[in-house]
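One structure below.
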Amino acid sequence: METYLEKITIKSWAEEDRPREKLLALGRRSLTDAELIAILIGSGNREETAVELGKRILHSLANDLDKLGRLSVNELSKFKGIGEAKAISIIAALELGRRRRETEKPKMERITCSRDIYELMHRQFSDLNHEEFWILLLNRGNQVLNQHLISKGGQAGTVADPKIIFKVALEN
């Protein structure tokens, strides 16, 4: 049995197996998460292809895209083959996805239970690595009039000053 001394590059793969060509031929949903990351980063390093690098990144995060979305540029740059530019590309793509989810925000007629508040607000909190305190201002019919950020904190908590909360509520 022969052993390969040379790294097999994506260009040497069958055309239908290459991530970009696969996307064009079979559509975006046919690609794995690693292949999508490979398209974003464009190239791998001397030891591994972009797809292998994408697999390694995902494996280190237990294949959790939410964890990937929370990584900083510095944390992504710790992976061999990911420099600042590639890290920024990954973060920008994930941020676009987050913003897309945010635009799909349901229009709430009335808040009737805590689940309604979750549906309204969870998109804003999904990728944060810090605590935020928000207030929802409702009218007498429990319709949302406004949302307002009161404070941002650290990873363990934030301050909710009652004076600020009442001031914002009375001004709106």
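We did not get these values from a lab; they are worked out from the coordinates using the rules stated. Everything numeric in this text was worked out from a predicted model, so none of it was measured. Don't worry about glycine lacking a Cβ; one is built from the backbone with ideal geometry, like all the others, and counts go over all protein chains shown.
Explain nothing, just compute: Karplus ³J(HN,Hα) = 6.51 cos²θ - 1.76 cosθ + 1.60, θ = phi - 60°, for every residue of segment 28-41 in order, whole Hz, x for Gly and Pro. So the J values, rounded to whole Hz, are 5, 6, 7, 8, 6, 4, 5, 5, 5, 5, 4, 5, 5, 7.
Run lengths n ≥ 4 of DSSP H only: what is the helix-derived mean residue ellipticity at 222 nm for the chain, with -39500 (n - 2.57) per run over all residues, to the nearest 500? Here the helix-only value at 222 nm equals -14000 deg cm²/dmol. Rounded to the nearest 10 degrees, the angle from helix 84-103 to the longest Cα principal axis of the chain is 40 degrees. Using θ = phi - 60° in the Karplus curve 6.51 cos²θ - 1.76 cosθ + 1.60, the 3J(HN,Hα) couplings for segment 58-73 round to 5, 4, 5, 10, 6, 6, 9, 5, 4, 5, 4, x, 9, 5, 8, 4 Hz; x is entered for Gly and Pro. Of all the stretches in the chain, which is the longest one without any exposed loop site, taking GluC sites (Glu not before Pro) in a DSSP loop (any state but H, G, I, E, B) with at most 12 other Cβ atoms within 10 Å? That gives 110-172 as the longest site-free run.
The residues LYS152, LYS86, when put in order of fewest to most other Cβ atoms within 10 Å, stand as LYS152, LYS86. Proximity of backbone amide H atoms, modeled 1.01 Å from N, is registered between SER151 and PHE133 at under 5 Å, excluding neighbours fewer than 5 places apart on the same chain. Rg/Rh for the chain stands at 1.13; both radii use Cα atoms, and Rh follows the Kirkwood definition. Here the label points at ASN139 and GLU15, each 7 Å from Cα along the C-beta direction, are separated by 6.1 nm in the simple model. For GLY44, the amide hydrogen comes within under 5 Å of the amide hydrogens of ALA50, counting only partners 5 or more places away or on other chains and with H modelled in the peptide plane.
Residues whose amide H lies under 5 Å from that of LEU71, counting only those 5 or more places away or on a different chain, are absent; hydrogens are built 1.01 Å from N in the peptide plane. Rounded to the nearest 0.05, the FRET efficiency derived from the C-beta distance between LEU61 and GLU171 at R0 = 41 Å is 0.45. Determine the alpha carbon to alpha carbon distance for each of LYS55/LYS86; LYS67/LYS163; LYS80/LYS152; LYS55/LYS152; LYS11/LYS67 and list only those over 26 Å. From LYS55/LYS86; LYS67/LYS163; LYS80/LYS152; LYS55/LYS152; LYS11/LYS67, over 26 Å: LYS67/LYS163; LYS80/LYS152; LYS55/LYS152; LYS11/LYS67.
Which percent of the Cα-Cα distances in segment 114-171 go past 14 Å? Looking at segment 114-171, the distances longer than 14 Å represent 60 percent of pairs. Past the 20 angstrom mark, what percentage of all C-alpha to C-alpha distances in segment 10-103 do you count? The calculated P(r) of segment 10-103 puts 34 percent of pairs beyond 20 Å.
Taking the number of other C-beta atoms within 10 Å as the exposure measure, put VAL168, VAL159 in order starting with the fewest. Ordered by Cβ neighbours within 10 Å, fewest first: VAL159, VAL168. Computed from backbone phi with θ = phi - 60° and the Karplus coefficients 6.51, -1.76 and 1.60, the 3J(HN,Hα) list for segment 11-17 is 4, 8, 6, 4, 4, 6, 9 Hz; x is used for glycine and proline. Loop-resident trypsin sites (Lys or Arg not before Pro) (DSSP state other than H, G, I, E or B) in segment 14-59 with no more than 15 further Cβ atoms inside 10 Å of their Cβ: ARG46.
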